[in-house]
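The values are calculated or read from the model by the stated rules, or taken from the named source; none is laboratory data. Just so you know, these numbers come straight off a predicted model, no measurement behind them. Note that we place each Cβ from the backbone using ideal geometry, even for glycine, and neighbour counts take in every protein chain shown. SASA here: full protein model, heavy atoms, side chains in, ligands and nucleic acids out. Shrake-Rupley method; radii C 1.70, N 1.55, O 1.52, S 1.80 Å.
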Amino acid sequence: MQAQELDALRPAEGESLVFDTNPVLNERPTHYCPGCHHGIAHRLVSEVLHELGVAERTILVASVGCATFTYDYFNVDGLEAPHGRACAVATGVRRARPDAVVFTYQGDGDMAAIGMAESMHAANRGEKITGIFINNTVYGMTGGQMAPTTLVGQKTTTSRQGRSISNEGGPIRMAEIMAQLDGVAYSARCSLDSVKHVRESKKAMRKAFEVQLQGLGFGFIELLSGCPTNWHLDPIAANKRIAEAMMPVFPLGVYKDVTASVEADHV
């Protein structure tokens with residue numbers, strides 16, 4: 001942004017800068033736990049849909065867990081899928097309504113455990129949908145059980161001694177797996193632990209929707225998120241855990257972007 005553009009955004013003397021409401025995000029008290037990053041993720045999704053001007057033709061598909069109440073927050077059409085079947089339902093919605101913008105909002109247990117098959121096959125087929133994957137390394141709503149992304153050594157209600165490589169295997173890295181599938185047009189992993197990373201997440205989320213709008217294939221974004229309640233940490237310590245424990249295991253970055261190769265071909 002140019003200096004003159006920044007000056008135009010600054011409030012005049014005697015005025016205050018007001019953070020405006022977003023029409024795609026409903027104004028209601030949150031049900032999420034203190035320090036939970038779902039609210040930030042919701043804000044980013046709503047901003048991207050608003051800025052792209054596609055909210056009126058957007059359809060949300062989610063299933064269970066913390067995503068159950070997603071429909072209360074987004075001012076878009078939506079429907080609830082059975083546990084793990086969001087990508088399968090989204091496939092049907094997008095094929096029946098090719099004019100619609102369709103996205104799924106899923107947790108790590110939903111998309112990478114019971115819904116792994118549906119997620120992988122929808123992505124491999126190159127379905128024109130966008131998958132938003134919340135990775136907080138634990139089953140949030142249902143009691144803090146071990147998830148596919150649970151870190152080695154992490155204690156949960158179903159891994160009392162800590163996750164073991166020999167017993168449960170290592171955590172699944174979804175962004176890397178998605179990037180290997182031919183139908184995936186964009187795959188990235190971002191984080192919600194800091195202002196810098198939130199800004200990067202929004203840019204990546206916009207690209208994940210843009211590849212759908214361009215008809216290029218499946219768009220995927222993984223968001224490293226905090227779950228202070230089930231981690232037994234305060235929100236500040238949870239943010240620190242994301243940076244120090246999660247990012248070394250789940251490196252941030254863009255793992256696939258077909259638009260980059262298309263742009264390079266035209267240089």
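Of note:
- Among (1) surrounded by fewer than 19 Cβ atoms within 10 Å (Cβ to Cβ); (2) not in a helix (DSSP H, G or I); (3) not acidic (Asp, Glu), the one test that residue 245 misses: (2)
- Test: residue in region 60-68 that is in a strand (DSSP E or B), within 19 Å of residue 223 (Cβ to Cβ) and not small (Gly, Ala, Ser): yes
- Neighbours by Cβ (under 7 Å, 6+ apart or cross-chain): first from region 146-158, more than 15 Å from residue 247 (Cα to Cα); second charged (D, E, K, R): 146/163; 146/168; 147/108; 148/108; 153/163
- Residue 216 vs. criteria of a type outside the set (Phe, Trp, Tyr), in contact with a strand residue (DSSP E or B) (Cβ under 7 Å, 6 or more places away or on another chain) and open to solvent by 10 Å² or more (accessible area, probe 1.4 Å): yes
- Near pairs, Cβ below 6 angstrom, 6+ apart or cross-chain, from region 175-187 (among the charged types (D, E, K, R)) to any residue that is modelled with pLDDT of 95 or more and not in a loop (DSSP other than H, G, I, E, B): 176/255
- Residue match in region 110-119 (condition: modelled with pLDDT under 95, open to solvent by less than 20 Å² (accessible area, probe 1.4 Å) and among the charged types (D, E, K, R)): yes
- Test result for residue 107, modelled with pLDDT under 95, in contact with a Lys or Arg (Cβ under 7 Å, 6 or more places away or on another chain), under 22 Å from residue 175 (Cβ atoms) and open to solvent by less than 40 Å² (accessible area, probe 1.4 Å): no
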